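Down below is the structure, laid out as structure tokens.
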Amino acid sequence: MCSPGVDSLQAGSVAERMHKRVEEMKIVPPNSSHSVQITASFGVTSLQLGSNETVDSLTGRADEALYQAKREGRNRVCVANEE
């Protein structure tokens, strides 16, 4: 997701809201009367205006934040430090 003008703290808040919404969803598979609960982990980062950071570097930081969320027990949001 790309949100111009949003810093890491704000992006983390958006990801937390998305995380909660996923957690609240009740999914009923076809031909079933039982719902299934799903969870999600999010890795979040931001890019400062005027930064020379590459897309690969930015993606790498978000990816590392996602793997941190998984290492810490999954079903959470982790925000990468800004460069």
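Every number here is computed from the coordinates shown, using simple stated rules; none is lab data. Treat the numbers as computed from the prediction; the structure is a model and nothing was measured. Ideal geometry is used to build each Cβ from the backbone, glycine not excepted, and the neighbour counts take in all protein chains shown.
Recomputing volume of the Cα convex hull per residue in Å³ from the coordinates shown identifies the correct label among (1) 73; (2) 82; (3) 104 as (3). Projected label points at ARG21 and ALA40, each 7 Å from Cα along the beta carbon direction, are separated by 0.8 nanometres. Proximity of backbone amide H atoms, modeled 1.01 Å from N, is registered between THR45 and ALA80 at under 5 Å, excluding neighbours fewer than 5 places apart on the same chain. Helix 55-71 and the long axis of the chain differ in direction by around 40°, with both axes built from C-alpha atoms. For the chain, the longest principal axis of the alpha carbon atoms and the long axis of helix 8-24 meet at an angle near 10°. Evaluated with a Cβ-only charge set (Lys, Arg +1; Asp, Glu -1), the chain carries a dipole of roughly 500 debye about its Cα centre, given to the nearest 20.
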